[in-house]
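Each reported figure results from applying straightforward, stated rules to the coordinates on display, with no laboratory input. Quick caveat, the model's predicted, so the values are computed rather than measured. Cβ placement follows ideal geometry from the backbone for every residue including glycine, while neighbour counts extend to all protein chains displayed.
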Amino acid sequence: MIDDEMAAPSFWDNQEKAQERVGERKSLISLVKPLDGALSESDDLTAMVEMAAEDESFAAEVPPEVKRLESVLEQLKLQSLLSGTHDAAGAILTINARDGGTD
């Protein structure tokens with residue numbers, strides 16, 4: 001849908017809105033691309049498990065791949081938790097002294 005908007009001849013008439021939409025597109029791509037990769041790796045792992053069921057020589061390769069895919073999925077989970085509208089914004093952290101003054 002955003003690609004269709006970007007293809008319109010009038011897309012760049014409003015520069016501010018156009019840049020906002022381009023940013024949204026980049027954000028969506030950065031979320032979808034790793035997910036597609038994880039799905040592909042999951043399919044590969046499924047095939048590997050099936051091959052290991054038929055030929056035990058593949059069995060040793062399965063556990064490391066499972067751990068690697070679990071790691072990828074944990075990273076995706078964290079990324080999804082930090083993909084809110086304000087998560088890309090900066091933050092201010094204030095540290096106040098206690099029990100001893102205002103060093």
Folded to 0 to 90 degrees: helix 15-54 orientation relative to the chain principal axis, Cα: 20 degrees
The chain: angle of helix 62-81 to the longest principal axis, Cα-based, in degrees nearest 10: 20 degrees
Value of [θ]222 nm, deg cm²/dmol, for the chain, DSSP H segments ≥ 4, -39500 (n - 2.57) each, nearest 500: -22500 deg cm²/dmol
Number of Lys pairs (Cα under 24 Å; 8 or more positions apart or on different chains) in the chain: 5
Computed Kirkwood radius, in angstrom, where 1/r is averaged over Cα pairs of the stretch 35-87: 12.3 Å
Whole-Å distance, taken between Cα centres, linking the stretch 16-39 and the stretch 64-83: 18 Å
For the chain, with +1 on Lys and Arg beta carbons and -1 on Asp and Glu, the positive-most of ALA97, LEU28, ALA8 along the dipole: ALA97
Three-way shape call for the chain based on the alpha-carbon gyration tensor, with the a/c threshold at 1.5: oblate
